[in-house]
Amino acid sequence: MSKWRRPGSAPWCGMTCARLTGGWTAGTNRSRPRETNGWGCSMRIKITGLKRYKDRLGIERVYHRKSGTPIDPKLTGQALAAEVDRLDKLHAPKMAQSGTLGALLESYKKSPKFTDLAPRTQSDYQKYMDHLKPIAGTPLALIDTAFMAKLRDKTVKKRRGAFTNHMMAMLSSAFKHGKEYGLVTSNPCLELEKARIAKDRRKENRPWTKTERVNVLAAAPLHYKVPIALARFLAMRRGDILRLPRMAYRDGYISFRASKNGKIMKLPALGELRKILDEALEAWPVSEIDVTMLCLNSHRKPWTEMGFSASIGKFFDDCVARGLAGKGLTMHGLRHSVATDLREQGYRLEDIKNFLGQETIEMAEHYSSSADVSGVLIDMANVIQAGSKRERVLSNSRKKSV
């Protein structure tokens, strides 16, 4: 008889019992009563995927977490595990059929074009994909521009214009991925008009006027001026600005990786922006601070996103109260301002896309939608008609919808 076992006790089953008992945590709603494993040793069975609680009448309730299906609270041990396994298999997501919209979206989700996106963007894209689940089985061969136009019109009635336009931008990226990998022959979203947004709906992140940009930047203390200038002149996103290390500004360039899509950006810092950045480096010498970030708060510490949002919001409100700007200032509005300026100067959407670090021309058009392109059209007309004087006002100009 082994010296490790008391006389009359059941034989020890070694690693099996040790493994099963070692994984149990007492007091959780996922553990179950003690069972035996056939060798006489007691063990605990850990079952995941359950929601267990007592209702207001004190009655114990058990539900399958994934599907919300009720389970008999009297089930224990292996019987409970078998029921959970059955429900897991019953409600397991179905694999998309090859050659369908669902298969294309699944392929896109596994590609670097999706995985390199910021977590917030991935979450938003997943919402659009969830909305498309009812048509996930549609063969790709049937999806053309007309199909997308009908999808756009149907979606805008249920989810309004902004959701629809962002969903179509996601689909455009997915079809671009599909074309690169031979899953589709064309991108049916390229020639699609954007969904119209109700006129009475407030447009978020409006572009700043030229006067607002000058006034607010002049009134800003240095800890606000640096991030505002980076957004004002380079159209950088707030998150990218706050994460910039000091070494990102070198040899007259700002180099960074866009968090939203992973694009490597290298943009020149010229004129007023360069002066502001040099002033900041001089005011915050490395020898006096223990951080290596480019943008610092009034305490010479790195900004947190929540802290910056609250602080810059108060500063913008103060600017409005002082008459320096109108209501509705946002940091992201400066990104729209840059795109608007570039488009008014005649730059192509392809060029604007590259400057903004966008993946699609549709998004470049979204950011520059407030541009007044009449000046470009007048220049073209003067060249064609050999006019000697450039007119800046059109006699038949109309209000442009955005």
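Taking the criterion of being in a loop (DSSP other than H, G, I, E, B), small (G, A, S) and either outside the structural domain of D278 (by TED's automatic domain parsing) or at positive phi (or both), would at least one residue in region 215-227 satisfy it? It would help to see each step written out before you state the result.
Step one: of region 215-227, the residues in a loop (DSSP other than H, G, I, E, B) are 220-221.
From what's left, small (G, A, S): 220.
Okay, now just the ones that are also either outside the structural domain of D278 (by TED's automatic domain parsing) or at positive phi (or both), so none.
Checking region 215-227: not a single residue is in a loop (DSSP other than H, G, I, E, B), small (G, A, S) and either outside the structural domain of D278 (by TED's automatic domain parsing) or at positive phi (or both).
Just checking: which of the helices (runs of 4 or more DSSP H) contained wholly in region 326-368 hold 1 or more residues that are at pLDDT 80 or above and of a type outside the set (G, A, S)?
331-344, 349-356
Please go through region 276-299 and pick out each residue that is under 17 Å from I228 (Cα atoms) and either β-branched (V, I, T) or free of Cβ contacts under 8 Å to residues at least 24 places away in the same chain (or both).
Result: I276, D278.
Hey, does region 70-85 have a residue that's polar (S, T, N, Q), without any contact (Cβ under 8 Å) to a residue 40 or more places away in the chain and part of a helix (DSSP H, G or I)?
no
Identify, by number, the condition in (1) assigned to a strand (DSSP E or B); (2) among the hydroxyl-bearing types (S, T, Y); (3) buried (at least 17 other Cβ atoms within 10 Å of the Cβ) that S255 doesn't meet.
Single failed check for S255: (3).
Given the criterion of a type in the set (A, V, I, L, M, F, W, C), in contact with a Pro (Cβ under 7 Å, 6 or more places away or on another chain) and modelled with pLDDT of 85 or more, identify the matching residue among V62, V84.
Of V62, V84, the one residue that is of a type in the set (A, V, I, L, M, F, W, C), in contact with a Pro (Cβ under 7 Å, 6 or more places away or on another chain) and modelled with pLDDT of 85 or more is V62.
Can you spot a residue in region 140-159 that is within 22 Å of K353 (Cβ to Cβ), within 19 Å of the chain's Cα centre (by Cα) and buried (at least 16 other Cβ atoms within 10 Å of the Cβ)?
There is no residue in region 140-159 that is within 22 Å of K353 (Cβ to Cβ), within 19 Å of the chain's Cα centre (by Cα) and buried (at least 16 other Cβ atoms within 10 Å of the Cβ).
Look at S287 and say whether it is in a helix (DSSP H, G or I) and loosely packed, with under 13 Cβ neighbours inside 10 Å.
In short, yes.
Name the single residue that is nearest to M167 (Cα to Cα) among those in region 108-119 being surrounded by fewer than 17 Cβ atoms within 10 Å (Cβ to Cβ) and in contact (Cβ under 8 Å) with a residue 24 or more places away in the chain.
That would be A118.
Residues of region 312-329 being in contact (Cβ under 8 Å) with a residue 24 or more places away in the chain and out of contact with any Phe, Trp or Tyr (no Cβ under 8 Å at 6 or more places or on another chain), which ones?
F316, C319, R322, L324, G326, G328
Name the single residue, out of those in region 224-240 being farther than 14 Å from A269 by Cα and touching a helix residue (DSSP H, G or I) at 6+ places or on another chain (Cβ under 8 Å), that is surrounded by the fewest Cβ atoms within 10 Å (Cβ to Cβ).
In this case the residue turns out to be G239.
Cβ contacts < 6 Å: first residue at positive phi, restricted to region 156-168; second residue of a type in the set (K, R) and surrounded by 15 or more Cβ atoms within 10 Å (Cβ to Cβ), any location; separation 6+ or different chain. Result?
Listed by first residue and then by second, the contacts come to nothing, as the list is empty.
Within region 301-319, identify whether any single residue is assigned to a loop (DSSP other than H, G, I, E, B) and either among the aliphatic types (A, V, I, L, M) or in the same structural domain as D116 (by TED's automatic domain parsing) (or both), and answer yes or no.
No, that holds for no residue.
Could you please give the count of residues in region 110-151 that are closer than 12 Å to N261 by Cα and of a type in the set (D, E)?
Qualifying residue count for the region: 1.
The values are calculated or read from the model by the stated rules, or taken from the named source; none is laboratory data. Keep in mind the model is a prediction, meaning the values are calculated, not measured. Using ideal geometry, Cβ is built from the backbone for each residue, glycine included, and neighbour counts are taken over all protein chains shown.
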